[in-house]
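Here is the structure we will look at, set down as C-alpha cells.
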Amino acid sequence: MNKVLRGHHLLCVHGFKGMGYSPDFIKKMEEIVEDVRNPEKDFTIKVVAAFDDACMTCPHQGNTECEAGEESNAHVLSMDYKVIQHLELVVEGSYLKSDLIKLTAEKVDANDLDFLCKGCSWLKFGVCKEGITDLKRKACIP
C-alpha cells in the first residue's frame, strides 16, 4: 500500500477531525488519516506538489489544478513547497511513513503552521495545531 500526498497534507493528517470540502473528500481523507495514524502500518508515501490521493475526491479538483478560487492553486502549491522545504524533503521523493512522522514531530512546531499554512481556511479551527502538539507529545519531543 503506497500513498501519494501533497506536501501540506503531510501536516493536515495529524489534525484532521472530519471537516472537509465534501462527503467524498471527508471519507477519503479519513481513510488516509487512519492509515497514517496507525502505528502498525508502515508504507511508502510519495511527496508531491500536485494532486494527491485526497485531491481525487475534492469537488474543487479541476483538470490540472485546484479550482476552489482564483488564487487557490497558487496557494496550495505555496503551502506544499513551504512544508517540503521545512521538512527538507524532495518533491516527488518517496519516504517511509514512519520516517515522515518522526521528521514532522522533530521539525514542526504548532506555531510553525502560522507560516507554513498561512491563509488556510482550516487553520482558524485550531485542530491542526492540536494535531502537531499531540504528535510531538506522543513522540516525546518538547
The chain, relative contact order [Cα under 8 Å, separation at least 6], %: 31 percent
Ascending count of other beta-carbon atoms within 10 Å, so fewest first, for ARG37, ARG6: ARG37, ARG6
Computed label-point distance, nm, for sites PHE125 and ASN111 using a 7 Å Cα→Cβ extension: 2.5 nm
Evaluated over the chain, the Cα radius of gyration and Dmax, each in Å: 13.9, 42
Mean-position separation - Cα centroids, the stretch 42-82 and the stretch 1-20, in angstrom: 11 Å
Debye intensity ratio I(q)/I(0), log10, the stretch 61-142, q values 0.12, 0.21 Å⁻¹ (C-alpha model): -0.40, -1.08
Cα lying deepest toward the dipole's positive end in the chain, options VAL4, GLY93, MET19, charges on Cβ: MET19
Difference of contour (0.36 nm per residue) and Cα-Cα distance, PHE43 to LYS102: 19.9 nm
Acute angle (nearest 10 degrees) that the helix 72-86 long axis makes with the longest principal axis of the chain, alpha-carbon atoms: 20 degrees
Calculated diffusion of the stretch 97-142, Stokes-Einstein form, Kirkwood radius summed over Cα pairs, 4 °C and 1.567 mPa s, µm²/s: 119 µm²/s
Counted charge near VAL76, where neighbours are those whose Cβ lies closer than 10 Å (Asp, Glu -1; Lys, Arg +1): -2
Nearest-20 debye value, the chain charge dipole, Cβ charges on Lys, Arg, Asp, Glu: 420 debye
Nonlocal amide H pairs with HIS8, under 5 Å, H built at 1.01 Å: ASP80
Cys with no candidate disulfide partner in the chain (beta-carbon separation under 4.7 Å rule): CYS12, CYS55, CYS58, CYS66, CYS128, CYS140
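Readers should treat all values here as calculations from the given coordinates under stated rules, not as data from a laboratory. The model shown is predicted, which means the values in this text are computed figures rather than measured ones. Please note: Cβ atoms are built from the backbone with ideal geometry, for glycine as well, and neighbour counts cover all protein chains shown.
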